[in-house]
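Below you'll find the structure, written out as structure tokens, and then a few comments.
The values are calculated or read from the model by the stated rules, or taken from the named source; none is laboratory data. This one's a predicted model, so the numbers in the text were calculated from it and none came from an experiment. Here Cβ is always computed from backbone atoms with ideal geometry, including for glycine, and neighbour counts include all displayed protein chains.
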Amino acid sequence: MSDCRTTREQLHDAVRGRLAEPQRGQFSAHLQTCSDCRQLFEREQALDQALAQRPRYPLPERLREKLVATAAAAATGSSRTTDAAHPTLPPPARRRLGRWAAVVVPGLAAALLAALLVRGVGESRQPLVDEAINDHLRVLYAQHPVEIESGGIHQVKPWFAGKLDFAPVLEFSGDEEFPLEGGAIALFVDRKAATFVFKHRLHTASLFVFRSQDLSFPSTTEHALAGHSAASAASRGFNVLLWQDHGLGYALVSDMAPDALARLAAKLTAR
Amino acid sequence: MHWYAEGMRREPPPSEPPFAEQLLAQADALYNFACYLCKNAAEAEDLVQDAFARALNAQSSFSVGSNLRAWLFRILRNTFLDGKRRQRKSPLTEESDVEAAASHDFLRGDFEIDRLRGLVARDIDAALSRLSDDGRSVILLDLEGFTETEIASVMDTAVGTVKSRLARARAALRAELREYAK
């Protein structure tokens, strides 16, 4: 078992879930017996919970377009070596380029600009993606994001009975990497949705389950999840996955890294 | 967007996305960080544009395989500090959160935890804005998921310094939040 000094040195790593065994076990064992250290640990967790409510400032669309234009303009420049710590701004386009390049390169830049705009702006114009992110923001900013706290999926799912006109299908009950926080009812577009809230370290993920009838899902199917295809999008700093199964629509939203969100999606759809 | 998780079938990408596209994928997080640094949306926009142009221009100095995100945040922070130095026309004095922390007595135990739970987004925003630039940076980078080693790289300092700054800044923030939790 750790002593108080070691435990306090490990406090931040423990809060961030970065302690490996055997340190993690020793840390937990110490908290069981030392109320002072346990209180410090809970205080750090409470500060993180408060910080999770900090505002997130979405990238303005006009700035995204300017950055895309800057990237396209840079594609027309020649490669030069600079020091990243004190770099200079890019030179005017077409410097050092031959006469042929003055004709060909702007075409390439226009193609890159178009590709980036389609990727960067088009994604954010998906109504279901916007709806999912707005609903996720409501979860993040809510004083009490879950109406039923999780004691496991078998406690959360029955809670929805009588509150929805469908039974949400979900087998994943959360695990150490993605604990299930609880559930709530939300309004998704024009219909009620079951909301499941998962955590991943400091990140929150919301899964909205709703009747998919009459909703226009994105046609992009970038990858497949256990037998059904899903569309992915990134907008305003959030990653979104949308899929359908047996008449139900699923929207999974979080600011966690794409690979982590994909792992959660794989667990949600595993059979 | 690219997904590489196990259990998901996906055609492997033909090659790594273009550098500019990798930078653009970080634009949302970068702008959010810039807003907290500048405390002003217009300045944050200028800062992100400058940092983005600098990063594009310095592509050749980026080692493929190293941490692009940390490299980009470092450029943004250096650009921010350069701007501050120009505005002040004098050397930067190191701000500290120690005094702020020392000037408050702390709430103890469950009482403090309960009060922290009652805070709302604007309280957190206001309390963060009262920290020093370094204190705010280290807290936000930590919340962005950077490890202490990565934060040291972004802030161009030693890992030990990051640890102590983070502890100091969180203590100062807790003291600030006490004012909003009353």
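Brief remarks follow.
- Residue count for region A:188-239 satisfying the condition of being modelled with pLDDT of 85 or more and of a type in the set (Val, Ile, Thr): 4.
- Region B:45-60, residues that are farther than 10 Å from B:LEU76 by Cβ and more than 7 Å from every other protein chain (Cβ to nearest Cβ): B:ASP46, B:GLN59
- Scanning region A:250-266 for residues being within 8 Å of chain B (Cβ to nearest Cβ), crowded, with 23+ Cβ neighbours inside 10 Å and more than 18 Å from A:PHE188 (Cβ to Cβ) gives a total of 1.
- Residues of region B:61-72 classified as more than 12 Å from chain A (Cβ to nearest Cβ) and not aliphatic (A, V, I, L, M), total: 2
- Selection count where residues are part of a helix (DSSP H, G or I), within 29 Å of B:ALA55 (Cβ to Cβ) and not polar (S, T, N, Q), scope region B:151-176: 11
- Residues located in region A:30-43, provided they are within 33 Å of the chain's Cα centre (by Cα) and within 14 Å of chain B (Cβ to nearest Cβ): A:CYS37, A:ARG38, A:GLN39, A:LEU40, A:PHE41, A:GLU42, A:ARG43
- Of residues in region A:10-29 being within 14 Å of chain B (Cβ to nearest Cβ) and part of a helix (DSSP H, G or I), the one modelled with the lowest pLDDT: A:VAL15
- When B:SER63 is tested against the conditions (1) part of a helix (DSSP H, G or I); (2) at pLDDT below 90; (3) polar (S, T, N, Q), the lone failure is (1).
- The one condition from (1) facing another protein chain (nearest Cβ under 7 Å); (2) at pLDDT 85 or above that B:TYR36 does not meet is (1).
Listed here are the residues, each with its yes/no results for (1) under 31 Å from the mean Cα position of the chain (by Cα); (2) at pLDDT 85 or above; (3) part of a helix (DSSP H, G or I); (4) at negative phi.
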| residue | (1), (2), (3), (4) |
| --- | --- |
| A:ARG8 | yes, yes, yes, yes |
| A:LEU47 | yes, yes, yes, yes |
| A:ARG62 | yes, yes, yes, yes |
| A:LEU89 | no, no, no, yes |
| A:ALA101 | no, no, yes, yes |
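- Where a residue in region A:18-31 is touching a residue at least 24 places away in the same chain (Cβ under 8 Å) and farther than 17 Å from A:ARG201 by Cα and its partner, wherever it lies, is polar (S, T, N, Q) and not in a loop (DSSP other than H, G, I, E, B), with Cβ under 9 Å and at least six apart: A:GLN26/A:THR6; A:GLN26/A:THR7; A:PHE27/A:THR6; A:PHE27/A:THR7; A:HIS30/A:THR6; A:HIS30/A:THR7; A:LEU31/A:THR7
- Per-region count, region A:61-74, residues closer than 28 Å to B:ALA121 by Cα and more than 7 Å from chain B (Cβ to nearest Cβ): 2
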